[in-house]
Structures are given as structure tokens and as C-alpha cells.
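Heads up: the structure comes next, in C-alpha cells.
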Amino acid sequence: MIDLKTLRENPDLIRNSQKSRGEDVSLVDQLIEADDARRLAVNEFEAVRAEQNALSKSVGSAKGDEKAKLLENAKELAGQVKAADAKRAELEEKAKSILLQISNIIDPETPVGGEEDFKVLEHVGTPRDFTKDGFEPKDHVELGKILKAIDTERGAKVAGSRSYYLTGPGALLEFAMVNYAISLAVKAGFTPVIPPVLVKPPAMEGTGFLGQAAENVYHLEEDDVYLVGTSEVPLAAFHMDEVLDVNDGPMRYAGYSSCFRREAGTYGKDTRGIIRVHQFDKVEMFIFCKPEDAKAEHAKLLQWEKDFLNAMEIPYRVIDVASGDLGSSAIRKFDCEAWVPTQNAYREVTSTSNCTEFQARRLNIRYKNEDGTKPLATLNGTLVAIPRMIVAVLENHQNADGSVNVPVALRPFLGMDTILPA
């Protein structure tokens, strides 16, 4: 959540951020009004409680009629305290409800606009010219059948649309990518984690996934738990309600988990293959650090993502995501988009977001400094999302006979140089 001090001192900053995101600007004024009412109610409660405490001390030394009168007054004050406390609690809940609806304040460097208004920061590598190689590239679905690596038909039969099996070399590719990603993360100082994928509401709400992203979340109502769409959620909540020591440097975690997304609102998009699916596996990087270190850590996360893509020997580009396409927690986000030959387009395969103190305030995660404790910053970045990376590797490294050359970095993990047709 945003800092209420910023709201009181510079509400226009938050108004402009909401406007740039394409979100409700009126929430800012609603919050100002609710915060003022809340603070007044707190003052009224504390005043009447102080009066009650003072009266209680007087009762102890009083006698006779005076004591009886004081007791009667104490009874009346007790009712006032109870009413004032109820009013305070009600207004605090109202203010919190509005506060949770306001997104993080965007970075001044974030491009303003909608989904298509991103800024391309760089291109890495050159898309392959298959005409020079003398054949038309096959898409990943066809290659998956030839190699017996991907089975979407049986996936749909068993689990419905946007479902799939990875079989044989497809499954081995996942294991190789995950092992390579984890090895990179460990070398970079990350602690590997296999987190839970079922989380309680505070974890999901604390990371900002019950707002604009709620429609894509699977909720198990009987147990009141959620299936996570990214291990960002359990990694962020790992230190919920804790005070961390980040004075000697950031705390870095790399989580491997299955992820679940309803893909609501994407009817008709990417229905072929495994680019947009309901369940997939992913290695996610997550960092807790001092707020002043967040920008530098964000640049490092992007570089680690690029290191992985470079190792996959895939052409890609890096984009600075526009304000209207940011998640509610992020102030700035970079996406890496791999070239997909059969779509003649770049498609997102990784992203990294700087969330500053927004999630930490919601999750009550702080760090110690010379002034006591304060919220720290959180950042996240995808090291590898398996299905889309498999798509990129198969399509970019295919041969005319349907075989696929394995990127050099994956060969020790996969145990082969080329995946041959079955």
C-alpha cells in the first residue's frame, strides 16, 4: 500500500499516478476524507479513554456519595469509550479498504500509456532467416508432435482447454531449464525455495493479487485458500509480520513452483499450443532490500533474466512496460520478449518488477535502521517460465527434419546435443 504520509503531503503525485495507470483518481480524495475522519475518531477515542483512566484513579480515593457519583460517571464513560472505539474501528476499516484499492506510485521513468505504449530498450540477437536454410519453420505444436514432447490433445481431454502434457524430451527440457536456472540463481547468491502453492487470503491480498488481478486467481472457497499464479506470492509472504536484517545486503530467494491462472478475459487468444495455459512451472526470483537499493537490484534482476535468455541462444528484446499495463504493486516493470518465428513476433517470456515498499507495508515486513524499523522494498523477476521458453527453444533451434538443436548451456542437463524425431 502507499505511504499515508505521501498522501497527506503530496496527493497530486498519487492522483497523477492513478491517472497514468488508467485507474480511479477519485479514490485519492475518498482516502483523504476517510483518513481525516479516521484520525479524528482516533483522537476522540483517546481523549475519552484518557478521561476514563483519570476518573478510575479518582474512584480509588473517593468515599461515600462522592464515590457513588464517580462510579456512575465511570459507567457512563465506559459506554462512551466503547462507542468511540467502535467508531474508530469502523472508520479505520473504511480507510484501509480504500487504501488497498490504490496502486503503487509509478516511477517517473515509466512510459505513460496502455499496453501498446511500451518503450523498446534493446534488441539482442537477430531473428533467424529460415528461407536461407531452405525450409518453412514448424510451430511448437507440430514440433511437439514430431518429437513426442508436447501433447495438447490429451491435455484437453483430461483437464480441459489450455492444458497439456510434457512428455519424453519435453519433460526433460523442463528439468534441464529448471536445473540450469537454479544453478544460475545459486551462483548469484539466491537461496533456492520450493514454496507452497496454496496460500491464505492475507498472502494473496498482501502481494496485490486480489485487486485488478483477482479475476485470474483460482479460489478454493470451502477452504478459503488460493492457488498462486506465481511463487512471488508465497515468497513475499515468507517473511510476513517479521523484522529482517538487510543492513549487510539484500535477501534473495529463487522459488520453483507450479503456477495457476484462470486466463479470464483471454477468450480466443493463444488457444493453440502452450503459450497461454492454466498451469505451468516457473522459477521466480524475489528480493527483499533497503528502499534505496531497489533500483540497482531491479537492474540486476533484468540482467540475470538476460543471462538466461542469452544462454538459450534466442533473439529477444527488452521493453519498458507502460503505466497502464503494470500490476498494482509495481512502479516499473521490464519484460523480456523472445522471438517466436512462426508468429513473426516477440512474445513475453520473463518480466521483472520493482514494487518498492508497497507489498512490505501490506505484509508488515520491516527492517531495522538507526531510526527503528521501516518497510523494506520487494522486487520480483521471472528467471524462466517453462512453457513459453520451450516454445522459443523449439521454434528457434529447429531443423528441416523436425529435430531441434539443444542450446549448449542445456546439454549437460539434458544429456543430448539434438532432440531427434521420435
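The values are calculated or read from the model by the stated rules, or taken from the named source; none is laboratory data. Values in this document were obtained by computation on a predicted structure and should not be read as measured data. As a convention, Cβ positions derive from the backbone with ideal geometry for all residues, glycine included, and neighbour counts pool all protein chains shown.
Table for the structure above
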| item | result |
| --- | --- |
| One residue from 70, 27, 121 being more than 30 Å from residue 201 (Cα to Cα) and modelled with pLDDT of 95 or more | 121 |
| Residue 421 vs. criteria under 22 Å from residue 164 (Cβ atoms) and touching a Gly at 6+ places or on another chain (Cβ under 6 Å) | yes |
| Any chance residue 248 is farther than 30 Å from residue 145 by Cα, free of Cβ contacts under 8 Å to residues at least 24 places away in the same chain and either of a type outside the set (Ser, Thr, Tyr) or not in a loop (DSSP other than H, G, I, E, B) (or both) | yes |
| Residue that is nearest to residue 344 (Cα to Cα), among those in region 371-422 that are touching a Cys at 6+ places or on another chain (Cβ under 9 Å) and among the β-branched types (Val, Ile, Thr) | 382 |
| Every pair of residues 6+ apart whose Cβ atoms lie under 6 Å, when the first sits in region 292-303 and is in a helix (DSSP H, G or I) while the second is buried (at least 16 other Cβ atoms within 10 Å of the Cβ) and aromatic (Phe, Trp, Tyr) | 302/334 |
| Selection from region 262-302 of residues that are surrounded by fewer than 14 Cβ atoms within 10 Å (Cβ to Cβ) and either within 18 Å of the chain's Cα centre (by Cα) or not basic (Lys, Arg) (or both) | 264, 265, 266, 267, 268, 271, 292, 296, 299 |
| Residue within region 315-322 that is within 21 Å of residue 229 (Cα to Cα), buried (at least 21 other Cβ atoms within 10 Å of the Cβ) and either in contact with a strand residue (DSSP E or B) (Cβ under 8 Å, 6 or more places away or on another chain) or touching a residue at least 12 places away in the same chain (Cβ under 8 Å) (or both) present | yes |
| Search result, residues across region 236-250 that are under 14 Å from residue 206 (Cβ atoms) and either touching a Ser or Thr at 6+ places or on another chain (Cβ under 9 Å) or of a type in the set (Val, Ile, Thr) (or both) | 236, 237 |
| Tally of residues being assigned to a loop (DSSP other than H, G, I, E, B) and of a type outside the set (Gly, Ala, Ser) across region 205-229 | 10 |
| Residue in region 75-134 that is nearest to residue 28 (Cα to Cα), counting only those that are outside any helix (DSSP H, G or I) and free of Cβ contacts under 8 Å to residues at least 40 places away in the same chain | 108 |
| Residue list for region 329-345, restricted to those being surrounded by fewer than 21 Cβ atoms within 10 Å (Cβ to Cβ) and either acidic (Asp, Glu) or not in a helix (DSSP H, G or I) (or both) | 344, 345 |
| Selection count where residues are aliphatic (A, V, I, L, M) and within 19 Å of residue 350 (Cβ to Cβ), scope region 211-225 | 1 |
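Here is a yes/no grid of residues against (1) more than 30 Å from residue 344 (Cα to Cα); (2) within 19 Å of the chain's Cα centre (by Cα); (3) surrounded by fewer than 16 Cβ atoms within 10 Å (Cβ to Cβ):
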| site | (1), (2), (3) |
| --- | --- |
| 187 | yes, no, yes |
| 191 | yes, yes, yes |
| 201 | yes, yes, yes |
| 205 | yes, yes, no |
| 209 | yes, yes, no |
| 227 | yes, yes, no |
| 231 | yes, yes, no |
| 242 | yes, no, yes |
